[in-house]
Amino acid sequence: MTTATVWVVVLAASAVCFALKLAGHLVPEHWLADERVARTAALVTAALLAALVTVQTVGDGQALVVDARLPAVGVAAVALALRAPFIVVVVLAAVTAAGLRALGWG
């Protein structure tokens, strides 16, 4: 792929993203006030976040990988379930991943 082609693709994708964002602002407000739309928007946000976490945890390019990230996310999930402060959750997950990697796993 040539440099010019890459730039055309990047600019086209940017224009599409801008158009989608603009379309979101142009939606009539009474459409968004519907209870079903608000509930769906909240669920879609949670589903997208869960999908992102899953892909970043077990994905490596085109392959699925089980390494130190998976137990670290598990520790973070338990800490969140126990209502630990966010910084504690992050530190626990980082220490878990670092410890497992230091032991040669992942």
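The values are calculated or read from the model by the stated rules, or taken from the named source; none is laboratory data. This structure is a prediction, so every number in the text was calculated from the model and none was measured. Glycine also receives a Cβ, built like all others from the backbone with ideal geometry; neighbour counts cover every protein chain displayed. We work out accessible area using only protein heavy atoms, side chains counted, and drop any ligands, DNA or RNA first. Shrake-Rupley method; radii C 1.70, N 1.55, O 1.52, S 1.80 Å.
Got a number for carbon plus sulfur as a percent of region 35-89's accessible area, 1.4 Å probe?
Here it works out to 72 percent.
Relative to the longest principal Cα axis of the chain, at what angle does helix 3-26 sit, 0 to 90 degrees, rounded to 10?
For helix 3-26, the angle is close to 70 degrees.
How big, in percent, is the set of alpha carbon pairs in region 1-104 lying more than 23 Å apart?
56 percent
Gln56: net charge of surrounding residues, Cβ under 13 Å, Lys/Arg +1, Asp/Glu -1, itself excluded?
-1
Nearest 10 degrees, 0 to 90: what angle lies between the long axis of helix 86-102 and the longest principal axis of the chain (Cα atoms)?
With rounding to tens, the tilt is 60 degrees.
Angle check, please: helix 69-81 long axis (alpha carbons) against the longest principal axis of the chain (alpha carbons), in degrees 0 to 90, nearest 10.
That works out to roughly 80 degrees.
Obtain the nm distance between the two label points defined at Ala19 and Asp34 by a simple spin-label model: each point lies 7 Å from its Cα along the Cα-to-C-beta direction.
A separation of 2.4 nm, rounded to one decimal place.
Just the number please: accessible area per residue for the chain, 1.4 Å probe, all protein chains included, in Å².
80 Å²
Measuring from the lowest to the highest alpha carbon on each principal axis, how far does region 1-54 reach, largest first, in angstroms?
Principal-axis extents of region 1-54 (Cα, largest first): 48, 32, 8 Å.
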